[in-house]
Structure formats: structure tokens, C-alpha cells
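Working notes, beginning with the structure itself.
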Amino acid sequence: MSTGKELLIVGAGLTGALTAAFLARSRPEIAATVWEKSRGTGGRMSTRRSAAEPALRVDMGAQYISRFKPRPQQPKSSESEKLEEDVYSRLIADGIIVPFSGTIKGERAESVLCNYVAPEGLNNIVKYFLASSSAVTHFEHQMVRAAYGERQDANKVWCSTTSGTRIAADCLVLTMPTPQILKLEGNLLSPTGPDTRANLEGVRYSSRYALGLFYHDADDALLQLAHGSWSAKYFDDPIIRYASWDARKRASRTRGQALLVHTSVPFGIEHSETDKATVQALILKSLNELMLGLPPHSDSHLVRWKYSQVSRPYP
């Protein structure tokens with residue numbers, strides 16, 4: 001039975017999807033709405049398909065899920081352990097994730113209990129949790145304003161999108177990077193005091209590029225002969241930090257192959273405002289020096305992760 005309470009979640013990435021799913025289980029009487037500015041789910045767990053070969057895909061952001069060994073210096077509560085076990089058990093039982101069976105060269109695996117991949121792409125994890133929630137998700141809804149005390153109800157947060165959609169929320173969950181929160185119009189941060197704004201302004205992010213290369217007619221056996229049988233590899237290179245043969249990583253039998261490349265953070269920061277064509281040319285030059293004899297790619301997709309990972313958290 002609905003209580004008439006409205007929760008608005010901004011962002012249909014993993015954080016937003018998990019929030020919606022957990023809420024549906026613990027507080028099913030609360031109505032939840034999700035706004036996502038892009039055309040699909042995923043956030044930093046997005047998966048891209050080749051335009052010409054839709055069965056060929058590549059994870060552009062997160063590459064695999066690492067479950068870590070217990071850390072005696074950071075013990076978890078019994079409730080936290082139970083929740084973690086429940087999440088992994090559901091994902092494994094429903095075939096959303098499977099153990100990573102390939103080789104990761106250069107991985108720091110001392111504290112890793114197990115790595116998992118998603119056979120249908122990591123954004124399928126986000127879709128799974130959104131589907132298990134009762135939330136209504138709206139795509140291409142970019143939030144631009146959040147303010148208290150508008151219209152008759154001063155206890156609600158009135159939120160607006162670029163297209164003019166408005167909603168009065170009793171609770172607001174923002175999952176976007178802090179610089180985007182600070183740019184919102186309205187008085188959202190006014191009741192929190194100057195320390196909150198200063199702490200938000202102090203949060204820092206790393207930046208990087210992700211380049212997906214699709215090889216429609218590639219023979220993976222020949223690629224392994226030429227470049228080794230690794231599924232993923234970390235490089236000590238000023239431009240390229242990580243690469244992964246995506247179909248091999250997911251143990252997919254799809255025809256063709258896709259190669260994902262992540263740049264180093266220093267390169268991402270240095271070229272944060274460089275045009276994408278120049279950035280892609282620099283990445284490809286470095287890649288062809290590291291992996292001699294790569295075949296020509298059929299098509300590609302470049303993403304600039306301006307806010308990749310938090311390097312300085314909220315205190």
C-alpha cells in the first residue's frame with residue numbers, strides 16, 4: 001500500500017539501481033522514480049554494441065567485479081556480510097555474473113577472492129537490479145534544478161529537468177559526480193551550511209578515456225598466437241593502462257572480437273579538453289606499438305570519462 005511518499009533517484013547507474021532494488025525490498029510502500037540523462041542504463045558500467053555487428057559488444061567502463069577476501073583490520077558487520085552474500089548469490093543464481101575464467105596479466109590479486117564477469121555485458125547488472133525494483137525509470141531526463149519550499153509544500157524538494165519535467169520529492173538521492181551536483185540551480189545545498197559545500201568542492205576525480213575497437217572478422221585463435229592468450233592486461237605505459245579482449249573475457253563464442261583500451265589517468269587529465277579524433281589517434285599509435293600487427297578495426301567507439309573514479313573523497 002502506497003504511503004504517498006515520493007523518492008527521486010537521479011542516475012541509472014549501479015548506485016541508483018541498487019538503491020531502487022533495496023528500497024523495493026525494505027520499503028515497498030514508497031514510490032520511486034529514476035531520472036537518467038542518457039538514453040540507457042549503466043553509468044560507468046555501460047556496454048557498447050558494434051553498429052554493424054550488434055552481437056559484438058564491449059564493456060566501456062568497469063571490466064569485471066572483484067570480490068575481496070575478508071580484511072581483519074576492516075571487519076564487516078554481520079548485516080553487511082549477509083547483504084553482500086545475498087547480492088552475489090542472486091546474481092550468480094540468475095546467471096547475471098559468472099566466475100572470470102581467463103587470465104589477467106599484471107593484476108594485483110593478493111586480496112582478491114574471486115573475479116566475476118557478466119556474459120551479457122556489465123550493464124546487465126544494472127538492468128537486473130532496476131528490473132527487480134518497483135521504480136519507474138525515465139531516460140533522457142537531465143536534472144538541472146532542485147529547490148526547497150517552492151509552491152505550497154515547503155517540506156518537499158522540487159526538481160526539474162532540461163525539458164521542463166517537474167517532480168516534488170520527499171527524498172532525493174543524487175548519484176552523479178559532485179561537480180554536477182554543485183552546478184544544479186536552486187537552493188538544494190542552502191540548509192546544509194558552508195562546510196558541506198566546501199567539502200563537496202574538495203572532492204576530486206581521476207579522468208581517463210575508453211576506446212572500444214571492433215574486429216568483425218577477426219579469428220581469436222590467430223589473435224592469441226600473435227598477442228598471447230590473456231583476456232585482460234595492465235600495461236606500464238604513459239598512454240595505455242589497461243586492455244581487454246572482451247569476447248574472450250566473457251568466454252563468448254560470438255564471431256569476431258572486440259578490444260577495450262583504458263588510458264592512464266595522467267593522459268586523461270592532460271587531454272581532458274583535446275578533440276576526440278586527436279585523442280583516438282594518439283591511443284591507436286601507442287596501442288600499435290604495444291601490440292604489433294593488430295588487424296585494422298571495423299569500427300570504434302571512444303568515451304571520455306571526465307569523472308572516472310574518486311581520487312579525493314568527501315571527508
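Values quoted throughout were computed directly from the atomic coordinates according to the rules given, and no laboratory measurement underlies them. Small disclaimer: the values here were computed from a predicted structure and weren't measured. Neighbour counts are summed over all protein chains in view; Cβ atoms, including those assigned to glycine, are modelled from backbone coordinates with ideal geometry.
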Checklist entry - With r defined as the distance between the Cβ atoms of S311 and R145 and R0 fixed at 22 Å, what FRET efficiency is calculated, to the nearest 0.05? => result 0.15
Checklist entry - ³J(HN,Hα) across segment 298-305 via Karplus (A = 6.51, B = -1.76, C = 1.60, θ = phi - 60°), whole Hz, x for Gly/Pro? => result 7, 7, 8, 8, 10, 10, 9, 8
Checklist entry - Where a ≥ b ≥ c are the square roots of the eigenvalues of the C-alpha gyration tensor, would you call segment 14-147 rounded, which needs a/c under 1.5, or, failing that, prolate if a/b is larger than b/c, or oblate? => result oblate
Checklist outcome for this item: Listed residues D246, D220, D94; largest mean-square fluctuation, Gaussian network over the chain with Cα springs below 10 Å, found at D94
Next on the checklist: Give me the extension gain from D153 to D86: residue separation times 0.36 nm, minus the current Cα-Cα distance, reported in nm with one decimal.
Outcome noted: 20.2 nm
Item to check | Spatially near lysine pairs across the chain, Cα under 19 Å, sequence gap of 8 or more or different chains | outcome: 12
Item to check | segment 217-226 - phi-based ³J(HN,Hα) in whole Hz, Karplus 6.51/-1.76/1.60, Gly and Pro as x | outcome: 10, 5, 9, 5, 4, 5, 5, 5, 4, 7
Item to check | Label-zone membership for segment 82-109, site T254, 7 angstrom Cα→C-beta point, backbone N under 19 Å | outcome: 95-103
Item to check | Residue-span extension gain [N199 to D219] - 0.36 nm each, minus C-alpha spacing | outcome: 2.1 nm
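What share of the DSSP beta bridges in the chain is antiparallel, in percent to the nearest 5?
Values: 42 of 59 bridges.
Bridges in the chain are about 70 percent antiparallel.
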Checklist entry - So who's got an amide H within less than 5 Å of the one on T274, skipping anything under 5 residues away but keeping other chains? H placed 1.01 Å off N, in plane. => result none
Checklist outcome for this item: A chain fully extended from S66 to A52 at 0.36 nm per residue, minus the present Cα-Cα distance, gains in nm 1.9 nm
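For F139, what is the net charge nearby, where nearby means another residue's Cβ is under 13 Å from its Cβ and Lys, Arg count +1, Asp, Glu -1?
Working: positive: K37, R39, K127; negative: E36, E140.
Neighbourhood net charge equals +1.
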Checklist entry - Going by average Cβ neighbours within 10 Å, how do the peptides 254-264, 169-179 rank, with the highest at the top? => result 254-264, 169-179
Item to check | Label-to-label distance, nm, for residues given as Q73 and T165 (7 Å Cα→Cβ offset) | outcome: 4.5 nm
Checklist outcome for this item: Interchain or sequence-distant (5+) residues whose placed amide H lies within less than 5 Å of the amide H of T137 are V34
Checklist outcome for this item: Any trypsin sites (Lys or Arg not before Pro) in segment 56-115 that lie in a DSSP loop and have at most 10 other Cβ atoms within 10 Å would be R108
Checklist entry - Taking amide H positions as placed 1.01 Å from N in the peptide plane, with prolines and chain starts having none, which residues 5 or more places from K156, or on another chain, fall under 5 Å of its amide H? => result G149
Checklist entry - Taking θ as phi - 60°, what are the ³J(HN,Hα) couplings along segment 257-271 by the Karplus curve (6.51, -1.76, 1.60), each to the nearest whole Hz, with x for Gly and Pro? => result 8, 10, 10, 9, 10, 10, 7, 6, 5, x, 5, x, 5, 4, 10
Checklist entry - So what is the 222 nm mean residue ellipticity for the chain from helices alone, if each DSSP H run of at least 4 adds -39500 (n - 2.57) and you divide by all residues, rounding to the nearest 500 deg cm²/dmol? => result -7500 deg cm²/dmol
